[in-house]
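Structure, as structure tokens:
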């Protein structure tokens, strides 16, 4: 059984060297690291989380991996994010965060406002199917449901990615 592999998913996301990426709800930075390697020294990844401990871990891991293009910011994802300029990001990552927030529309609005026109959004989360681990079923948000919410917010579904047995992954674009 293969568990979700951030490198594999980020590899399918189509990031380019020099791009600016934001990882909303970065957790321990698995997607941040994969993105930082691709965007390289001329790019940067802004990792945003509400938990100080997660940001400390992300910064520490990035430095251990000699990735000096990672910036960490503490912010509540369910309130307007003002730590970065709006409309300037090439890409935003929402990985395993959708099931964590109570106010999904605020999270989606933050992702949308950070993206520049033509910017891409990566969504990775738990499938709404029973699995041996992961969040409880009542917290999970179906692929169909989140896709409708994102499209309603003005993001166009581009494609589905190959994730794993327990997760879905999709790319959206800000029009």
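Observations on the model:
- DSSP beta bridges fully contained in the chain are about 40 percent antiparallel.
- Most mobile of 158, 97, 81 in a GNM of the chain (Cα contacts under 10 Å): 158
- Largest mean-square fluctuation among 71, 129, 100, in a Gaussian network model of the chain whose springs join Cα atoms under 10 Å apart, belongs to 129.
- Listed peptides 88-96, 117-125, 161-169 appear in the order 88-96, 117-125, 161-169 once ranked by packing, highest mean of other Cβ atoms within 10 Å at the front.
- Answer label for log10 I(q)/I(0) by the Debye sum over Cα atoms at q = 0.12, 0.20 Å⁻¹ (calculated), chosen among (i) -0.48, -1.49; (ii) -0.72, -1.19; (iii) -0.61, -1.37: (i)
- Percentage relative contact order, the chain, counting C-alpha pairs under 8 Å, at least six apart: 21 percent
- Region 105-175 versus region 40-69: alpha-carbon centroid distance in Å: 23 Å
A short reminder: the numbers here are calculations on the coordinates, not readings from a lab. Predicted model only: the values in this text are computed from it and were never measured. Reconstructed Cβ throughout: ideal geometry from the backbone, glycine too, with neighbour counts over all protein chains shown.
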